[in-house]
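Working notes, structure below.
The values are calculated or read from the model by the stated rules, or taken from the named source; none is laboratory data. Computed from a predicted structure; not experimentally measured. Reconstructed Cβ throughout: ideal geometry from the backbone, glycine too, with neighbour counts over all protein chains shown.
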Amino acid sequence: MMQNDIIRLIVVEESANDAEVILNSLRKARYPIRPRYVEDDEDLQEALTEHEWDLIISVPQVGDFTVAQVCDMVSSSKQDIPIIVLAPKLDGKSIAGLLNAGVAQVIPNDSGGCLPYVVGRELENLAERRRRKHLEQLYKETQKHNKMLLESSRDAIAYVHDGMHIHANPRYLKMFDYKSMDDLEGLPVMDLVAVNDQAKFRKEMREFMIDERNDERQIVLEGLKSNKKRFKITMELSQAIYDSERCIQVIIRDQSQSQELERKLKDIARRDPLTGLFNRQHFLELLEKALAKAMETHARGVLFYIALDNFSSIREEVGVAGADPVIKNIGKVINGLSGGGALARFGEGTFTLLIADKDGKKYAGAGIIANKICKAVEANVTELSEQSVVVTCSIGITQVLSAAASPQDVLGDAHKACKLAMEQGGNRSEIYKPRQSEEAPIGIYDLKRLIETAIEENRLSLRYQPIDSLHGESQELYEVFLRMVDSDGQNVPTGDLFNVAENTNLSIMLDKWVLEQSIKALVEQEKKGHKIHLFIKLSDQAIKDETILLYIRKKLRASQLPGARLIIEISESVAIGQIRLAKAFISQLKTFGCKSALEHFGTGLSSETTLKHLRDVNYVKIDSSYSKGLSTNTENQEAVQQIVKMAHDLGKETIAEAVEDANSLTVLWSSEVDFAQGHYISEPLEELEYDFSDE
């Protein structure tokens with residue numbers, strides 16, 4: 001569930017130090033936690049009253065406070081909070097007692113690192129329960145809203161299942177001269193069609209039922225009222241769900257109404273005004289119908305996610321006015337190769353194509369279709385007033401299967417495949433495959449070998465993410481990120497890389513490589529007249545290894561760079577667990593002229609105390625969890641303001657991580673945060689080329 005979301009966590013333990021041991025195991029597994037330590041029923045009651053929580057990790061008993069009481073208090077609070085118990089001894093009777101009390105999981109407190117996996121499973125289960133509850137609520141609200149619209153509609157609307165009426169609105173009853181639904185329920189829709197048109201109606205209905213595209217169908221015929229009076233009508237058929245049952249929606253209008261105008265307005269609402277293709281909202285509706293059909297009949301579809309390569313650069317080059325003709329032109333090209341599928345402009349520089357695939361043959365040939373589109377897009381030239389524009393595209397392909405939980409899941413798979421195609425140079429297609437780690441995980445030994453040979457095989461590289469000033473004069477600040485690819489050129493997930501490096505004693509080797517390359521980059525920039533400063537995150541082992549400090553001093557002397565150009569980052573969780581070593585490490589860095597930063601700040605149980613101990617720290621990097629939904633989350637806003645005040649009172653500058661939107665940036669500015677970092681400002685760059693003067 002929440003590997004990316006903030007996890008609100010309560011720890012019931014004997015002491016705050018014991019609680020920190022638990023929290024550190026989760027931080028190492030990269031869970032973004034917001035913890036609270038409690039040791040008695042009063043603490044827990046206060047916590048349950050203040051917030052909603054995602055998880056409780058508890059020992060069986062703290063003094064007189066038992067986990068059974070924890071379960072009772074959680075139950076009384078009406079919150080759905082899974083409780084994991086870390087027990088010193090396990091036997092069948094005690095486990096049964098804990099589970100009976102309402103505990104979700106019981107594991108030994110010397111579990112050898114299995115806690116993060118158990119936490120992950122419980123959070124996934126919690127997310128599923130919450131998702132189901134949310135969908136049930138949405139469904140109820142939607143049904144209620146739809147019923148109100150149905151009953152007040154000026155159109156005559158009915159729902160038909162197996163050829164029989166199951167519901168009709170007042171306008172429909174009045175049109176056919178029936179007094180109530182009791183008179184119409186169970187009556188075949190065929191009985192409302194004049195005899196001379198029944199064969200035509202039967203044929204149209206049969207074709208509609210087997211139509212793979214799920215397109216709406218219009219039938220012009222003579223209706224038959226209950227008094228046998230005939231009148232001209234247009235019957236519109238579409239697939240629908242009524243009372244959780246798949247059925248056909250029938251809309252009937254008098255011929256006297258302005259049907260053509262209504263049809264045009266309806267079609268306009270589905271179209272993108274620039275390209276004339278379907279718009280995003282209508283495409284999502286089509287995808288939802290295709291997914292529902294896949295669940296019901298196992299009929300499949302193929303989804304193509306088509307993104308223009310480097311579209312942001314093209315837009316900057318030709319401007320918004322120039323980008324529009326490019327988009328319009330490319331839309332025509334793709335539409336000509338869509339094979340009758342549903343094509344939409346899904347985003348500013350993206351298109352989506354949905355093709356029905358009853359027998360699986362379309363999916364087998366999806367790569368051929370995608371490659372034709374790539375070649376056609378590349379061959380096309382958009383002529384602007386002063387220049388010609390040629391673009392390429394990357395395409396991700398996936399199947400619409402009944403196993404998918406939602407349209408967003410299907411789109412997510414296609415987007416991942418498209419992103420992979422882009423990372424491989426673009427102008428190509430990729431079929432979505434589950435992540436390698438899900439099918440055949442790379443073993444620790446294999447990844448260890450990859451790391452050991454990465455330097456000599458030139459498979460390591462650095463990326464630089466700008467850190468921009470929110471107040472005062474801009475400084476050229478970047479954070480350094482390490483990237484590694486395997487022997488096939490595929491990116492190795494950063495989490496896997498650092499976890500294996502730590503477990504196989506290779507972290508210091510990577511730290512030294514990053515330091516060496518960073519100092520080389522600074523020297524090159526110095527020659528160009530740039531006074532750049534780099535934030536470098538070292539491994540958790542760095543503060544314990546004396547050779548790192550010696551290495552930093554040696555490299556600084558050899559390069560003749562001022563030490564202030566390096567800002568070494570230490571995680572708050574590492575500092576909490578090794579406060580004496582962290583303090584000595586930061587103090588020694590200061591003697592070299594280097595600065596230091598405390599990252600992931602605000603995730604510990606006593607952040608203020610930690611900061612007071614580490615008085616030589618220059619920067620406080622506010623944990624990324626506080627940036628999520630910052631513009632609307634008042635609790636996060638208050639927390640950021642408290643952190644800023646705390647840091648400023650102690651003479652530290654603050655940096656907000658993971659800033660993703662303009663509204664959050666505005667809140668950070670008004671909260672007096674000094675610097676901001678995140679994808680909204682800039683993604684990590686291959687070169688140190690960010691323009692800090694561009695406000």
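You will find that of Ala19, Ala47, the residue that is of a type outside the set (D, E, K, R), free of Cβ contacts under 8 Å to residues at least 40 places away in the same chain and either closer than 22 Å to Tyr626 by Cβ or not in a helix (DSSP H, G or I) (or both) is Ala47 and no other.
So, in region 526-536, how many residues would count as being surrounded by fewer than 16 Cβ atoms within 10 Å (Cβ to Cβ) and assigned to a helix (DSSP H, G or I)? I'd like the intermediate steps shown before the answer.
Pass one, region 526-536, residues surrounded by fewer than 16 Cβ atoms within 10 Å (Cβ to Cβ): 527-531.
Next cut, assigned to a helix (DSSP H, G or I) only: 527.
Of the residues in that region, 1 qualify.
Yes or no: Gln677 surrounded by fewer than 21 Cβ atoms within 10 Å (Cβ to Cβ), at pLDDT 90 or above and among the polar types (S, T, N, Q)? Here the answer is no, as Gln677 does not meet what is asked. Scanning region 328-369 for residues that are of a type outside the set (Gly, Ala, Ser), part of a helix (DSSP H, G or I) and closer than 24 Å to Ile431 by Cα gives Ile330, Lys332, Val333, Ile334, Asn335, Lys361, Lys362, Tyr363, Ile368, Ile369.
When Arg121 is tested against (1) at pLDDT 90 or above; (2) within 30 Å of Thr634 (Cβ to Cβ); (3) within 30 Å of the chain's Cα centre (by Cα); (4) outside any loop (DSSP other than H, G, I, E, B), exactly one condition is not met: (2).
From the list Ser539, Ser487, exactly one residue is surrounded by 20 or more Cβ atoms within 10 Å (Cβ to Cβ) and among the small types (Gly, Ala, Ser). Which is it? None of the others qualify; the one that does is Ser539. Within the option set Glu524, Glu457, Glu479, Glu473, being out of contact with any helix residue (DSSP H, G or I) (no Cβ under 8 Å at 6 or more places or on another chain) and closer than 19 Å to Arg30 by Cβ holds for one residue only, Glu479.
This table checks each residue for (1) surrounded by fewer than 13 Cβ atoms within 10 Å (Cβ to Cβ); (2) within 27 Å of Ser244 (Cβ to Cβ).
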{"position": "Pro116", "(1), (2)": "no, no"}
{"position": "Gly120", "(1), (2)": "no, no"}
{"position": "Lys144", "(1), (2)": "yes, yes"}
{"position": "Gly186", "(1), (2)": "yes, yes"}
{"position": "Asn196", "(1), (2)": "yes, no"}
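Every listed requirement among (1) within 20 Å of Ile33 (Cα to Cα); (2) at pLDDT 80 or above is met by Val103 save one, (1). Taking the stated definitions as given, is Gly322 touching a residue at least 40 places away in the same chain (Cβ under 8 Å) and either farther than 22 Å from Ile369 by Cβ or not assigned by TED's automatic domain parsing to the domain that holds Ser429 (or both)? Spelling it out, Gly322 is indeed touching a residue at least 40 places away in the same chain (Cβ under 8 Å) and either farther than 22 Å from Ile369 by Cβ or not assigned by TED's automatic domain parsing to the domain that holds Ser429 (or both). Restricting the search to region 73-93, which residues are of a type outside the set (Val, Ile, Thr), assigned to a helix (DSSP H, G or I) and touching a residue at least 24 places away in the same chain (Cβ under 8 Å)? Across region 73-93, the qualifying residues are Met73, Ser75. Could you check, for region 589-602, whether at least one of its residues is within 22 Å of the chain's Cα centre (by Cα), buried (at least 21 other Cβ atoms within 10 Å of the Cβ) and closer than 21 Å to Arg36 by Cβ? Scanning region 589-602, I find at least one residue that is within 22 Å of the chain's Cα centre (by Cα), buried (at least 21 other Cβ atoms within 10 Å of the Cβ) and closer than 21 Å to Arg36 by Cβ, so the answer is yes. Just so you know, in region 476-490 the residues that are among the charged types (D, E, K, R) and more than 17 Å from Ile570 (Cβ to Cβ) include one that is modelled with the lowest pLDDT, and it is Asp488.
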